[in-house]
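Notes follow once the structure below has been shown.
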Amino acid sequence: MCRMRFILIMLVVLPASLFAQAPWYVAYERALSAQEAGDWKASVPLLQDAVAQKPEPKLKAKTYGLRFVNYFPYFHLGEAYYHMGEKQKALENFDLCLKYGEIRQAPEEFALLNSRRGELSGIAAAPEVPPPMRVETGDVPAGGESAGLPWYVSYETGLAYMESGDWLNAIENLKAALAANGIPRRYARTYGMWFITYIPYYELGEAYFNQGMWQVALRYLETSDRLGEVKEMEAESRNLKSLLEEARLKAVGGKKGPVSDELKGYVNDQIAQAVRLYNEDDNAKAESAFRSVLRIDPYNSVARSYLARIALRSGTGDQSSPPPAEFSRGVLELVKGHPEQAIRLLKSAEPAMESDASLHAYLGVAYCLRHRAGGKKEKDALRSARLEFRRAIAIDPSYRLDTTLFAKDVTDIFQRELPK
């Protein structure tokens with residue numbers, strides 16, 4: 001009994017801060033929610049908790065991930081005291097908010113603060129600031145709402161699909177966001193006072209790149225680069241540069257490709273349409289679209305790879321089941337220039353795809369890249385590459401590596417294995 005009484009005494013005596021370990025923005029967000037519900041009294045201790053952890057206001061203060069919030073605790077304390085009828089406390093907090101000055105960069109809150117101070121004290125309002133100027137971005141679509149959803153809902157849904165590798169659904173949601181809001185921003189306001197980093201062209205470019213639609217990806221990536229979407233984001237900026245370089249090399253109709261400039265737009269549109277049909281399980285139409293590509297560009301490896309998958313999916317190929325996930329992931333690692341990961345994944349897929357020419361061709365490319373990285377130390381890798389190329393040709397004598405997808409030194413090794 002004495003022990004229990006001691007514990008209860010300690011719970012009363014110990015400061016509440018020992019139990020309130022949440023970051024400042026948790027208390028701040030709860031305070032704003034309370035104010036939106038009209039519970040001004042409940043918001044005061046929450047705002048005081050936030051101030052105790054972070055006393056200085058800040059425009060677009062980072063909270064977690066890529067989320068930001070305008071942190072104006074004294075303004076909201078002033079609002080709370082204003083609605084509670086505590087005039088002096090309201091004025092003190094409004095004055096403190098003005099002293100820091102960040103609120104001057106938030107036109108709506110600044111206007112309300114001026115109105116409240118004028119009402120409470122009769123002091124003339126501080127000069128109004130003009131609203132921020134809209135930056136014109138040429139062919140970027142105008143903002144607005146799409147399909148009844150705010151743009152940021154579609155955008156964050158698209159990002160979630162990106163993380164799961166569902167490129168088709170990612171693209172659909174990102175395009176919906178872009179149709180509703182065509183202006184990228186480092187700090188884009190969503191709801192209340194919350195902000196996210198909005199870089200739709202960059203994300204769409206990456207999604208299309210991962211789908212193997214190089215030309216479509218290139219258009220979005222070049223737009224992202226032109227608009228400077230990620231210029232202040234170190235990791236994304238490096239990735240954009242890398243994706244641009246790879247997409248320009250792999251885009252159908254490139255300088256070294258077999259497709260003429262007059263036909264490259266048609267070919268890329270056909271690939272985009274065919275991949276969509278494939279993802280929608282419309283095998284007949286997808287096969288027709290991919291074969292249209294091959295009539296123009298007989299060595300297009302994207303089309304050939306998807307046709308092999310369609311044959312496996314429909315049961316007309318050598319295997320009765322679709323290719324394993326390791327195959328697609330291995331190809332993705334290959335085009336990203338990661339031979340070791342590609343070899344590991346493609347070898348994992350080999351038992352299920354032993355009679356697939358594209359599997360052996362891609363393995364050959366991966367071994368070529370390993371040989372290139374290791375030089376003379378990797379003679380075994382070059383022998384393995386040639387062996388895999390021979391296997392691919394034995395399975396399908398008409399198979400060729402796409403010169404727009406792979407480097408010339410790799411395709412030359414493949415060419416030397418062809419029958420004379």
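Pairs to check: Lys175/Lys285; Lys58/Lys175; Lys60/Lys89; Lys175/Lys231. Give those whose C-alpha atoms are more than 30 Å from each other in this structure.
Numbers: Lys175/Lys285 24 Å; Lys58/Lys175 32 Å; Lys60/Lys89 26 Å; Lys175/Lys231 22 Å.
Pairs exceeding 30 Å: Lys58/Lys175.
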Exercise for the section: Compute the accessible area per residue over segment 166-231, keeping the other protein chains in place, probe 1.4 Å, unit Å². Expected result: 33 Å²
Practice task
Provide the packing ranking of 167-177, 228-238, i.e. peptides ordered by the mean count of other C-beta atoms within 10 Å per residue, highest first.
Solution key: 167-177, 228-238
Fill in the blank from the handout: Phi-derived 3J(HN,Hα) across segment 179-186 with the Karplus relation (6.51, -1.76, 1.60, θ = phi - 60°), rounded Hz, x for Gly and Pro, is 5, 7, 8, x, 10, x, 8, 5
Problem - Highest to lowest packing among 214-224, 362-372, 43-53, 409-419, scored as the average C-beta count within 10 Å - result: 362-372, 214-224, 43-53, 409-419
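Using 1/(1 + (r/R0)^6) with R0 = 56 angstrom and r between the beta carbons of Glu92 and Asp412, what's the FRET efficiency to the nearest 0.05? Write out the running numbers ahead of the final one.
Values: r = 78 Å, r/R0 = 1.39.
My answer for the efficiency is 0.10.
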Handout entry: Potential lengthening between Lys58 and Glu245 on full extension [0.36 nm per residue; Cα-Cα distance subtracted]
Key = 63.5 nm
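The values are calculated or read from the model by the stated rules, or taken from the named source; none is laboratory data. Keep in mind the model is a prediction, meaning the values are calculated, not measured. As a convention, Cβ positions derive from the backbone with ideal geometry for all residues, glycine included, and neighbour counts pool all protein chains shown. Surface accessibility is based on the protein's heavy atoms, side chains included, excluding ligands, DNA and RNA. Shrake-Rupley method; radii C 1.70, N 1.55, O 1.52, S 1.80 Å.
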